[in-house]
Amino acid sequence: MKYTIAIVDDHQLIAKAITSLINRMDDYEVIYEAENGLELIRHFNLNIIPDIVLLDVNMPKMDGYETSLWLKNNYPEVKVLVLTMNDKEEVIVKMLRNGARGYILKDCKPSELKQALDAIVKKGFYYTEYITDKLIKSLNPDHIIDPIQALGLNERELNFIQLACSELTYAEIADQMCVSPRTVDGYRESLFQKLNVKSRVSLALQAIRLGIVPM
């Protein structure tokens, strides 16, 4: 069974090229293209709902900001992957805050697009080191942005971070959270990627630096 994709991009030539590329992948199928958010909503109203929405940012009538927020509020189970030429920091942050699960640029290699789709399906998100760096750099005193919200951390992940900053072992953390060790492993890997770290110590330091966990 293939995962279904809707492409939302007002550049028809680009949209069709991406459709052709994706349809050559074994696990994915583009079921339709839409030129803006309003056209996407019309498909949703007809109950033609994809697993993934590949979304551009700058579009007429209803742009990527409005579309991603509408999807977040109405169809949170549909995963949004942003595919655009816009690499401005404020755009990246806003799209991620509006519910996007990943953000890649149109000049990426086909292999990265496939990697992003696979990650979103398997992990629920795709954040490259570049995007994470942009996100972290935006979290400064001049921006009124909650790092918890900006990074998309949920209550269970916050609980795990707090416990990970203690002397408890992962097995003890699992007991504290009343979950299995495998679930704790999932929290750890998800947070390593979201905070762009590779160890428990780095996770703790990053959490303290961002103010997620107090000193």
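Bear in mind that the values in this text are calculations on the coordinates, not laboratory data. Owing to the predicted nature of the structure, the values given are computational and were not obtained by experimental measurement. Cβ atoms come from the backbone with ideal geometry, glycine included; neighbour counts cover every protein chain shown.
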Worksheet entry | Residues listed by number, the stretch 45-72, amide nitrogen under 15 Å from HIS11 label point at 7 Å toward C-beta | 55-60, 64
Worksheet entry | Mean ellipticity per residue at 222 nm, deg cm²/dmol - from DSSP H runs of n ≥ 4 across the chain, formula -39500 (n - 2.57) | -15000 deg cm²/dmol
Fill in: Separation of alpha-carbon centers, the stretch 162-215 and the stretch 79-135, rounded to whole Å
23
Worksheet item: Residues with amide H under 5 Å of VAL30's amide H, sequence separation 5 or more or different chain, H placed in the peptide plane at 1.01 Å from N; which?
Response: ILE5, ASN23
Worksheet item: If Lys and Arg each add +1 and Asp and Glu each add -1, what is the summed charge of the other residues whose beta carbon sits under 9 Å from the beta carbon of PHE125?
Response: +4
Worksheet item: What residue among GLY124, GLY64, GLY99 has the largest mean-square fluctuation in a Gaussian network model of the chain, using Cα springs under 10 Å?
Response: GLY124
Worksheet item: How large is the dipole of the chain about the Cα centre if only Lys and Arg carry +1 and Asp and Glu carry -1, each at its Cβ, rounded to the nearest 20 debye?
Response: 220
Item to complete: Only one of the values (i) 50, 41, 32; (ii) 54, 43, 32; (iii) 45, 44, 34 was calculated from this structure for Cα extents along the principal axes in Å; name its label.
Response: (ii)
Response to the item:
Taking placed amide H atoms and a strict 5 Å upper bound, the residues 5 or more places from GLY102 or on another chain that come that close are VAL82, TYR126
Worksheet item: When the Karplus curve 6.51 cos²θ - 1.76 cosθ + 1.60 is applied with θ = phi - 60°, which whole-Hz ³J(HN,Hα) does each residue of the stretch 73-90 get, with x for Gly and Pro?
Response: 7, 10, 9, x, 6, 7, 8, 9, 10, 7, 10, 8, 9, 8, 10, 5, 4, 5
Item to complete: Please list the non-local residues whose amide H lies under 5 Å from the amide H of ASN36, H modeled 1.01 Å from N, same-chain partners needing a gap of 5 or more.
Response: ASP9
Worksheet item: If contacts are Cα pairs under 8 angstrom and at least 6 residues apart, what is the relative contact order of the chain in percent?
Response: 13
Item to complete: Report the local net charge at HIS11: Lys and Arg +1, Asp and Glu -1, summed over other residues whose C-beta lies under 13 Å from its C-beta.
Response: -3
Worksheet entry | Pairwise FRET efficiency - MET177 versus GLN115, Cβ, R0 = 30 Å, nearest 0.05 | 0.50
Worksheet item: From the backbone phi of the stretch 168-182, what are the Karplus-calculated ³J(HN,Hα) couplings (6.51 cos²θ - 1.76 cosθ + 1.60, θ = phi - 60°) in whole Hz, Gly and Pro given as x?
Response: 5, 6, 4, 5, 5, 5, 4, 5, 4, 8, 6, 10, 7, x, 5
Worksheet entry | Sites GLN162 and LYS88, calculated FRET efficiency, Cβ-Cβ separation with R0 35 Å, nearest 0.05 | 0.60
Fill in: Proximal charge balance of TYR65 [Cβ under 10 Å; K/R count +1, D/E count -1]
0
Item to complete: For each pair in LYS61/LYS194; LYS79/LYS106; LYS16/LYS61, compute the distance between the two Cα atoms and list the pairs where it is over 27 Å.
Response: LYS61/LYS194
Worksheet item: So which GluC sites (Glu not before Pro) in the stretch 28-133 pass both tests, a DSSP loop state and at most 15 other Cβ atoms within 10 Å of the Cβ?
Response: GLU77
Practice prompt. Mind telling me which of MET25, MET85, MET62 comes out most flexible in a GNM of the chain, alpha-carbon contacts under 10 Å?
Written response: MET25
Item to complete: Considering the options VAL57, GLN12, TYR127, tell which one lies farthest towards the positive end of the dipole of the chain, charges being +1 on Lys and Arg and -1 on Asp and Glu at the Cβ, about the Cα centre.
Response: TYR127
